[in-house]
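Here the structure is laid out as structure tokens; the discussion comes afterwards.
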Amino acid sequence: MDFQTLQFPYRRHADQDAAEPARHPVVVVGAGPVGLALAIDLAQRNVPVVVLDNDHQLSVGSRAICFAKRTLEIFDRLGCGQPMVDKGVSWNVGRVFLRDEPVYAFNLLPEAGHERPAFINLQQYYVEGYLAERAAQLPLIDLRWDNAVSAIEQQADHALLTVDTPDGPYRLRADWVAACDGSRSTVRELIGQSSTGRVFKDRFLIADVKITGRQQPPERWFWFDPPFHPGQSVLLHRQPDDVWRIDFQLGWEADPDEAKKPENIVPLVRRLLGPDVPFTLEWASVYTFGCRRMGSFCHGRVLFAGDAAHGVSPFGARGANSGVQDAENLAWKLAAVLQGEAGEGADALIASYGAEREYAADENILHSTRATDFITPKSAVSRLFRDAVLQLARTQPFARKLVNSGRLSVPATLDGSSLNTPDVDTFAGAMRPGAVAADAPLPEGRWLLRGLGSGFTLLVFGSVPGWARDLPDLGLLAVPAGEATALAWQRYDATPGSAYLIRPDQHVCARWRAPTAAAVLAARARALGRMVDPQTERSAA
């Protein structure tokens, strides 16, 4: 399917003729990657959701193209990961150049035993297209195109939306509104909020170039001060369909209108590729960027996710990836509140969405800011430092850690989350409370992450205690000892009887060497935002 030309027809809905505004559990504003991922996740949790989008087609051009391993694992759970991996260009290796000389290479996934690659390159319109196809398969998703939110009134237990359509406006009530409407969020403006932070005075040109038959490994190549574009930086990614994405740094003084003209782009590309390589220009755009976020992602009944909540530079692929992780964090919490699972912890559970994803946004902004400062030094001293680091990195491993061409996206470990149960036992390794559960192979070609349920799951290493099979509302995944599961035991520093409680979004929330039923239930209650008596918890442990 040609997702670039696909258009979705506007259809009048019965809600537009209702005498009183219809009420829905969740209204998602924005049908980009974040909004669609959130809607699919909610629908798979049996929550009806309305999605409103002010357009009737998918995004144009490559835009977000690098989708990380964690995001692919989320898409697998949503039922659309495989077509993305099949279509995308998988890669693990990046290379850094200074002028025309290689500095060093890095491997983002140097170890075996992972189902998904570190990244795939896939144009954003493909990602949106596959998500839209999946959404169309789920009857609990009501996707309305050419429906633009123009007003919001917050009430104590819901929000009242005014929605503009080709047939005129109508109104909707929503228990919860999820604003996933991008960096120029209309919803953010309507409730009187803004994003603050740092705007970088630089301009970059994106050029999508079709080069049939070009032979080059699927790697990320980044040049500092290349001879074909002196004094600036260039980033090259291979995409599907023989399309290559090239980002040229232009400088703040560049005229964006002039820079987008084909007669000015073609010579830049020609100098990179050489005089004898035929190519066609598919799409181009000039962008500036900032590292900014809202002060809070939660405002009454309106919750913000993705670029509507936070923005970063494109170096490191932290935009779309962190937005999809916002959606995953929010979906299970909204479902738990709407379906009564959170109980008296409902307010705390919703608040934890803001706390956890604001923490993740700050981490992304920090890395993104440092990368941008390294790529575009703003003084002679900082440029001297950068160039010295790059020269040393050719031969000195310590200097390679200082090179920053965009530290690539990894999921945030939610240390300090109120939903975590602190350790009472000693463990080694990265799988501490707050971390995303690591994948590993299991017998018969299975994978650990695919074995986790849609709710809370108790991951047990070795024999399963009898009580574990009787715990209510809790999935169970047993990992027996053996050669086929050795990597899983290693990654979780497991001993016989070790157990991990995994949240619905596949973050670890508790772990024990020898848990009791009471300890597991207390940890699950804490992870749902409920108050847990410390004395009871100590007794359970």
Next item on the list: Please specify each residue of segment 6-61 satisfying the condition of being of a type in the set (Ser, Thr, Tyr) and modelled with pLDDT of 95 or more.
Entry: Tyr10
Notebook entry, point to check: For segment 428-439, which residues satisfy the criterion of being more than 22 Å from Ala514 (Cβ to Cβ) and not β-branched (Val, Ile, Thr)?
Noted result: Asp439
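Being touching a residue at least 40 places away in the same chain (Cβ under 8 Å) and under 21 Å from the mean Cα position of the chain (by Cα) is the requirement here; does Leu448 meet it? Reasoning before the result, please.
Numbers: touching a residue at least 40 places away in the same chain (Cβ under 8 Å): yes; under 21 Å from the mean Cα position of the chain (by Cα): yes.
Yes.
So that you can scan it fast, the table gives a plain yes or no per residue for (1) assigned to a helix (DSSP H, G or I); (2) in contact with a Leu (Cβ under 9 Å, 6 or more places away or on another chain); (3) crowded, with 16+ Cβ neighbours inside 10 Å; (4) among the aliphatic types (A, V, I, L, M):
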{"position": "Leu349", "(1), (2), (3), (4)": "yes, yes, yes, yes"}
{"position": "Asn364", "(1), (2), (3), (4)": "yes, no, yes, no"}
{"position": "Ser368", "(1), (2), (3), (4)": "yes, no, yes, no"}
{"position": "Thr395", "(1), (2), (3), (4)": "no, no, no, no"}
{"position": "Arg407", "(1), (2), (3), (4)": "no, no, yes, no"}
{"position": "Asp415", "(1), (2), (3), (4)": "no, no, no, no"}
{"position": "Val424", "(1), (2), (3), (4)": "no, no, no, yes"}
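If I ask for residues that are in contact with a Cys (Cβ under 8 Å, 6 or more places away or on another chain) and open to solvent by less than 20 Å² (accessible area, probe 1.4 Å), which ones from segment 194-219 would you list? Outline the logic, then answer.
To start, the set of residues in segment 194-219 that are in contact with a Cys (Cβ under 8 Å, 6 or more places away or on another chain) comprises 197-198, 200.
Matches in segment 194-219: Phe200 only.
Do you know which residues across segment 363-381 are farther than 28 Å from Phe67 by Cα and modelled with pLDDT of 90 or more? Let's see the steps before the verdict.
Step one: list which residues in segment 363-381 are farther than 28 Å from Phe67 by Cα, which gives 378-381.
Listed by number, the list holds a single entry, Val381.
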Item checked: Flag if Asn329 is modelled with pLDDT of 95 or more and open to solvent by less than 30 Å² (accessible area, probe 1.4 Å) -> yes
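Sort through Arg357, Arg270 and tell me the only one that's free of Cβ contacts under 8 Å to residues at least 24 places away in the same chain and assigned to a helix (DSSP H, G or I).
Values: Arg357 fails: free of Cβ contacts under 8 Å to residues at least 24 places away in the same chain.
Just one listed residue meets the conditions, Arg270.
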Notebook entry, point to check: So Glu111 clears everything in (1) farther than 29 Å from Asp17 by Cβ; (2) modelled with pLDDT of 95 or more; (3) part of a loop (DSSP other than H, G, I, E, B) except one condition, right? Which one?
Noted result: (2)
Margin query: So, in segment 209-237, exactly how many residues are farther than 22 Å from Thr372 by Cα and either assigned to a strand (DSSP E or B) or touching a strand residue (DSSP E or B) at 6+ places or on another chain (Cβ under 8 Å) (or both)?
Written below: 7
Next item on the list: Go through segment 1-107 and tell me which strands (runs of 3 or more DSSP E), entirely inside it, have 2 or more residues that are open to solvent by less than 10 Å² (accessible area, probe 1.4 Å).
Entry: 22-29, 49-52, 66-68, 93-98
Next item on the list: Could you list all residues from segment 108-135 that are open to solvent by 30 Å² or more (accessible area, probe 1.4 Å), among the aliphatic types (A, V, I, L, M) and closer than 29 Å to Asp2 by Cβ?
Entry: none
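Results for (1) in contact with a Lys or Arg (Cβ under 6 Å, 6 or more places away or on another chain); (2) modelled with pLDDT of 95 or more; (3) among the hydroxyl-bearing types (Ser, Thr, Tyr), shown as yes or no for each residue.
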| residue | (1), (2), (3) |
| --- | --- |
| Ile211 | no, no, no |
| Arg214 | no, no, no |
| Pro218 | yes, no, no |
| Phe228 | yes, yes, no |
| Gly231 | no, no, no |
| Gln239 | yes, no, no |
| Val243 | yes, no, no |
| Leu250 | yes, no, no |
| Glu253 | no, no, no |
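For segment 238-267, enumerate the residues that are on the phi < 0 side of the Ramachandran plot, assigned to a loop (DSSP other than H, G, I, E, B) and either acidic (Asp, Glu) or open to solvent by 70 Å² or more (accessible area, probe 1.4 Å) (or both).
Keep residues of segment 238-267 that are on the phi < 0 side of the Ramachandran plot, which gives 238-240, 243-250, 252-267.
Okay, now just the ones that are also assigned to a loop (DSSP other than H, G, I, E, B), so 239-240, 250, 252-255, 260-261.
Once the filter is applied, which keeps residues that are on the phi < 0 side of the Ramachandran plot, assigned to a loop (DSSP other than H, G, I, E, B) and either acidic (Asp, Glu) or open to solvent by 70 Å² or more (accessible area, probe 1.4 Å) (or both), segment 238-267 yields Trp252, Glu253, Asp255, Lys260, Lys261.
If a residue counts only when it is in contact (Cβ under 8 Å) with a residue 60 or more places away in the chain, among the basic types (Lys, Arg) and surrounded by fewer than 23 Cβ atoms within 10 Å (Cβ to Cβ), which strands (runs of 3 or more DSSP E) contained entirely in segment 464-521 have at least 3 such residues? If you could, list the steps in order and put the result at the bottom.
Values: elements: 475-479, 499-502, 508-512.
Result: empty, no element qualifies.
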Check: Taking into account only those residues within segment 136-179 that are in contact with a strand residue (DSSP E or B) (Cβ under 6 Å, 6 or more places away or on another chain) and either modelled with pLDDT under 95 or in a loop (DSSP other than H, G, I, E, B) (or both), which is most open to solvent (accessible area, probe 1.4 Å)?
Finding: Pro169
Margin query: Six or more apart or on different chains, Cβ atoms under 8 Å: show the pairs whose first residue is in segment 392-410 and farther than 27 Å from Asn321 by Cβ and whose second is open to solvent by less than 80 Å² (accessible area, probe 1.4 Å) and hydroxyl-bearing (Ser, Thr, Tyr).
Written below: Arg394/Tyr104
Next item on the list: Sort out which residues of segment 285-297 are buried (at least 20 other Cβ atoms within 10 Å of the Cβ) and modelled with pLDDT of 95 or more, and write them in order of number.
Entry: Arg293, Met294, Phe297
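Select from segment 114-135 the residues that are of a type in the set (Phe, Trp, Tyr) and assigned to a helix (DSSP H, G or I) and write down the one among them that is farthest from Cys80 (Cα to Cα). Quick ask: steps written out before the conclusion?
Just the residues of segment 114-135 that are of a type in the set (Phe, Trp, Tyr), to begin with: 119, 125-126, 130.
Now drop any that are not assigned to a helix (DSSP H, G or I), which leaves 125-126, 130.
Numbers: Tyr125: 14, Tyr126: 11, Tyr130: 6 Å.
Ranking the candidates gives Tyr125 first.
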Item checked: Criterion: among the small types (Gly, Ala, Ser), farther than 19 Å from Leu98 by Cα and touching a Leu at 6+ places or on another chain (Cβ under 8 Å) - qualifying residue of Gly306, Gly345 -> Gly345
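The values are calculated or read from the model by the stated rules, or taken from the named source; none is laboratory data. As the structure is a prediction and not an experimental result, all values here were calculated from the model. Here the Cβ is made from the backbone with ideal geometry for all residues, glycine too, and neighbour counts use every protein chain on show. Remember, those area values only see protein heavy atoms, side chains included, never the ligands or the DNA or RNA. Shrake-Rupley method; radii C 1.70, N 1.55, O 1.52, S 1.80 Å.
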